[in-house]
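Below: one structure, written as structure tokens.
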Ligand SMILES: NC(=O)c1ccc[n+]([C@@H]2O[C@H](COP(=O)([O-])OP(=O)(O)OC[C@H]3O[C@@H](n4cnc5c(N)ncnc54)[C@H](OP(=O)(O)O)[C@@H]3O)[C@@H](O)[C@H]2O)c1
């Protein structure tokens, strides 16, 4: 089968199309014939060998040098991407909830930096049955492939922040892959949402159910003007200055969640959250909401499965201004 791999860290140019053996599902796993793959910024951070992720990797290697991702010949090649949709074509021992022929969506779960060897950008992928759910019929394979990381991240963050319908919630990078979903999920749960994005995304954010506020100088004053009552929580989907903004809005650290933590943010008491607080059933819940039309997914682009197009797709994502999700379609 064809699979995207890399043999050294770098930008999208390190990605190659390789011919590899079909993987075999082990106990508790299924093999999926992949129809579409959703891209996430963490994919590129991983193949770039982001120093923060490599630090995580080396800490684990110190504790357990026998792990495959240790510095040795086993380190490369590595696969790329996490989120996929497709059709189950083989089932490992002990799997009773999925069968050959089931249309599914899923995500390859692993802490970033732990050098996940397999990747979703392949014609076939093996995943734990608990990370794969049945695809509602109303969902296209493209949309289904875009849900995994975003659904577990947004749901996990709201679990950690204990979001309620009484909250006035600020979300940064509200027009991105996670932010677009987070805005709609929070609004669906009854919270009032103020979304931060560039001015060109103001109408888009309104369509998702948020009051739009543009990023840049003077943002605190714009949020105070936009909020009907005092802000109660902030979910930072961007990093950098937004944790400080939460404190400047008068929030305590426990009411500020960030997906992109910095040591300063954590020392000040903000919460590092996201997929680490997600649960397997979050994906089913979100995919059902999308299938019902309660939540919509905006696809910024659907690319074919050839190496130039995959590299272009990651280059587009690296601009940092993608609205919604980018998908690679395999068949
Ligand atoms: N901790 C976790 O579990 C976890 C999980 C998933 C993602 N993440 C991380 O969370 C981040 C967001 O992921 P994503 O998939 O949503 O990324 P994304 O789709 O690439 O986000 C792009 C969005 O960022 C917005 N943006 C750009 N500059 C901004 C600024 N200065 N202020 C506010 N928004 C700005 C853009 O809006 P405009 O074009 O309007 O500027 C765009 O819509 C990434 O760093 C990712 O690695 C962490």
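Odds and ends about this structure:
- Residues of segment 16-42 classified as within 16 Å of the ligand (Cβ to nearest atom), within 21 Å of residue 134 (Cα to Cα) and not in a strand (DSSP E or B), total: 1
- Unique match (being in the same structural domain as residue 324 (by TED's automatic domain parsing), within 20 Å of residue 260 (Cβ to Cβ), modelled with pLDDT of 95 or more and touching a strand residue (DSSP E or B) at 6+ places or on another chain (Cβ under 9 Å)) among 97, 83, 22: 83
- Tallying residues that are over 24 Å from the mean Cα position of the chain (by Cα) and surrounded by 14 or more Cβ atoms within 10 Å (Cβ to Cβ) within segment 2-21 yields 2.
- Search result, residues across segment 155-164 that are near the ligand (Cβ under 9 Å from one of its atoms) and buried (at least 24 other Cβ atoms within 10 Å of the Cβ): 157
- Residues being over 16 Å from the mean Cα position of the chain (by Cα) and touching a residue at least 40 places away in the same chain (Cβ under 8 Å) are represented in segment 234-243 by at least one member.
- Helices (runs of 4 or more DSSP H) completely within segment 247-322 that count 2 or more residues being free of Cβ contacts under 8 Å to residues at least 12 places away in the same chain and within 24 Å of residue 196 (Cα to Cα): 263-267
- Test: residue in segment 106-125 that is touching a helix residue (DSSP H, G or I) at 6+ places or on another chain (Cβ under 6 Å) and buried (at least 24 other Cβ atoms within 10 Å of the Cβ): yes
- Within segment 165-202, the residues that satisfy the criterion of being touching a strand residue (DSSP E or B) at 6+ places or on another chain (Cβ under 6 Å), within 14 Å of the ligand (Cβ to nearest atom), part of a helix (DSSP H, G or I) and free of Cβ contacts under 8 Å to residues at least 40 places away in the same chain are 183, 199, 202.
- Unmet criterion (only one of (1) touching a strand residue (DSSP E or B) at 6+ places or on another chain (Cβ under 7 Å); (2) within 13 Å of the ligand (Cβ to nearest atom)) for residue 278: (1)
- In summary, residue 285 fulfils each of the numbered conditions (1) within 15 Å of the ligand (Cβ to nearest atom); (2) surrounded by fewer than 21 Cβ atoms within 10 Å (Cβ to Cβ) with the single exception of condition (1).
- Tally, over segment 242-272, of residues that are within 12 Å of the ligand (Cβ to nearest atom) and either farther than 21 Å from residue 320 by Cβ or loosely packed, with under 13 Cβ neighbours inside 10 Å (or both): 1
- With respect to the conditions (1) part of a helix (DSSP H, G or I); (2) within 9 Å of the ligand (Cβ to nearest atom); (3) under 18 Å from residue 301 (Cβ atoms), residue 143 lacks only one, and its number is (2).
- Of all residues in segment 203-227, those being within 9 Å of the ligand (Cβ to nearest atom) and either within 24 Å of residue 294 (Cβ to Cβ) or not in a loop (DSSP other than H, G, I, E, B) (or both) number 4.
The values are calculated or read from the model by the stated rules, or taken from the named source; none is laboratory data. Just so you know, these numbers come straight off a predicted model, no measurement behind them. All Cβ positions, glycine included, derive from the backbone under ideal geometry; neighbour counts span all protein chains shown.
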